[in-house]
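The values are calculated or read from the model by the stated rules, or taken from the named source; none is laboratory data. Every value quoted in this text rests on a predicted model; they were computed, and no experiment measured them. With ideal geometry, Cβ positions are generated from the backbone for all residues, glycine too; neighbour counts draw on all protein chains shown. These area figures cover heavy atoms from the full protein model, side chains too; ligands, DNA and RNA do not enter into them. Shrake-Rupley method; radii C 1.70, N 1.55, O 1.52, S 1.80 Å.
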Amino acid sequence: MTLTDFASDPQIKFKMNMVKNELAGMVAENYLKVIKQYLHRYDYDHIRYRSFVSGGAIGSLLRQEPVNDLDIFFTDKIFLDDIEAVAQNEKFQEEMVESHDGRYAETKVQGKLITANAVTLKNKVQLITRVYGTPKEITDGFDYVHCTPWYDIYNHKLHITPQAYEYIMNKKLVVKNKEAAHKTVLSARYNKLLDQGFTDYE
């Protein structure tokens, strides 16, 4: 499929709009509303501008499957520092952060799912704290191509290539970053992807 065919296909355009609208609703309810309560000095536009969605949720929505979690990434260090400061707020931890259920060996806060990689909220939003940067910088470090689409919260745009769309819909594991993919094969994540129906690209 060419880029022109991909952009003009009415079925795909319908799916893209559906996914964008679902993401907008999820972000507004489960991320923006929550964070705004604790980041009083930021308005909604600032929070939108400094955040974006990427990861498996977009593929799940495209395939009309349940979303396991919504990964929120941040574009600059100052805003990420403010997010991490919120995560240290005891009231925030008590009201918003998921309890530690034994899935992770090390947490930064006893009894709460706050790790070196992310803060997991009770509504399954994951605030990714291990890295920050532009969407391109972040997604270039992802292991597989199907994970690379991202949703621009501020401009309400979904960025996805024809290849990523194909691999999402066919559940194909095609390497984006060799180093990251190698780490994945050595971790539980690889088997988790296989359990979800993904297969290695042949």
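With a 1.4 Å probe and all protein chains in place, put Met169, Met16 in order of accessible area, largest first.
Details: Met169 60, Met16 25 Å².
Listed by decreasing accessible area, they come as Met169, Met16.
If you count only protein heavy atoms and use a 1.4 Å probe, how large is the accessible surface of Ser99, to the nearest 10 Å²?
60
Figure the gain on full extension for Asn117 and Met169 (residue separation times 0.36 nm, minus the Cα-Cα span) and round it to one decimal in nm. It would help to have the intermediate numbers written out before the result.
Working: separation 52, 0.36 × 52 = 18.72 nm, distance 2.76 nm.
Working it through step by step, the gained length comes to 16.0 nm.
Report Glu179's accessible area, 1.4 Å probe, all protein chains in place, as a number in Å² to the nearest 10.
Accessible area, nearest 10 Å²: 120 Å².
Tell me the relative contact order for the stretch 33-99 as a rounded percent, counting alpha carbon contacts under 8 Å between residues six or more apart. Write down the numbers at each step before the final one.
Numbers: 44 pairs, mean separation 19.7, N = 67.
For the stretch 33-99, the relative contact order is 29 percent.
With a 1.4 Å probe and all protein chains left in place, how much of the accessible area of the chain comes from carbon and sulfur atoms, in whole percent?
Working: 5460 of 11100 Å².
In the chain, the share of accessible area belonging to carbon and sulfur is 49 percent.
Keeping every protein chain in place, order His146, His46 by accessible area at 1.4 Å, biggest value first, i.e. largest first. Walk me through the numbers on the way to the answer.
On the way: His146 15, His46 60 Å².
Heavy-atom accessible area, descending, gives His46, His146.
Which residues does the label zone of Lys77 cover in the stretch 36-60, counting backbone N under 16 Å from a point 7 Å along Cα→Cβ?
What the label zone holds, given the 16 Å backbone N cut-off, is no residue at all.
Going by accessible area, probe 1.4 Å, with all protein chains left in place, what is the ranking of His182, His156, largest first?
Values: His182 115, His156 60 Å².
Result, largest first: His182, His156.
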